[in-house]
Amino acid sequence: MERPEFDSIQDYAEFSKYYWYREELIRICKAHGLAAPSGKIELYKVIEAYFSGEKILPQKKPIKRKPSKVTELTLQTGLIECGFTFGPRFREFFERQTGETRFKFNVDMVATAKAVKENGDESFTLGDLLDIYYGKKTYVTYDKSALQWNKFVKDFCADPATEVYPDRLKTAAKLWKIVRESDQEKVYTRDLLVKYGNTI
């Protein structure tokens, strides 16, 4: 089944059957006067609320803070208060806390820091972010559905049956477009190749 236009979809269950790019979700939210947060998980929540009769409206932009005067970082330091970024100062702080050299922020930390700033949550601390790193706490989680395309291509290219295609990436993209716009599961299987082989 081909993906219908958003305005012809009757409920959230139907909407969820289809794949939507983040940019499409933002456009849909803005077109309907809804809040259009940057993360896919948050966008889906806004649209789910819309289908249940609740309109989550855009919030006024928070007042920009003056540059941080915080000189010493501690676990009690507020994320917003210290002007948190993913730069060297904060990487070094987390290296000291974890004992890891070449510390890397994980995707849930990135999603959380972004959400904390968007929400203006001044109670959230660097210690809370460390708990996110260790999996002791959840604030928001990274939307792993954004990786569906990557996994689809990887699985497509790993299938020996696709070796007959001279440009496998281009062929995978054609097949992905068919799957993305349908209500099928967004994963590659050889059955798709059999079903749509003549189309791609």
Does residue 162 meet the test of being touching a residue at least 12 places away in the same chain (Cβ under 8 Å) and either assigned to a loop (DSSP other than H, G, I, E, B) or surrounded by fewer than 14 Cβ atoms within 10 Å (Cβ to Cβ) (or both)? no
With criteria (1) in contact with an Asp or Glu (Cβ under 6 Å, 6 or more places away or on another chain); (2) part of a loop (DSSP other than H, G, I, E, B), residue 100 comes up short on (1)
Only one of 137, 114 is touching a helix residue (DSSP H, G or I) at 6+ places or on another chain (Cβ under 8 Å) and either surrounded by 14 or more Cβ atoms within 10 Å (Cβ to Cβ) or not in a helix (DSSP H, G or I) (or both). Can you tell me which? 137
Could you list, ordered by first residue, the pairs with Cβ atoms under 7 Å in which the first is in the stretch 174-200 and farther than 16 Å from residue 17 by Cβ and the second is in a loop (DSSP other than H, G, I, E, B), at least 6 apart or interchain? 174/200; 175/200; 190/159
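Here's the yes/no breakdown for (1) surrounded by fewer than 16 Cβ atoms within 10 Å (Cβ to Cβ); (2) in contact with a helix residue (DSSP H, G or I) (Cβ under 9 Å, 6 or more places away or on another chain); (3) in a helix (DSSP H, G or I):
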| site | (1), (2), (3) |
| --- | --- |
| 37 | no, yes, no |
| 41 | no, yes, yes |
| 69 | yes, no, no |
| 76 | yes, yes, no |
| 82 | no, yes, no |
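Just so you know, all these numbers are worked out from the coordinates, no wet-lab data involved. Everything numeric here is computed off the predicted structure, so don't read it as measured data. Neighbour counts run over all protein chains shown; Cβ positions are idealised from the backbone, glycine included.
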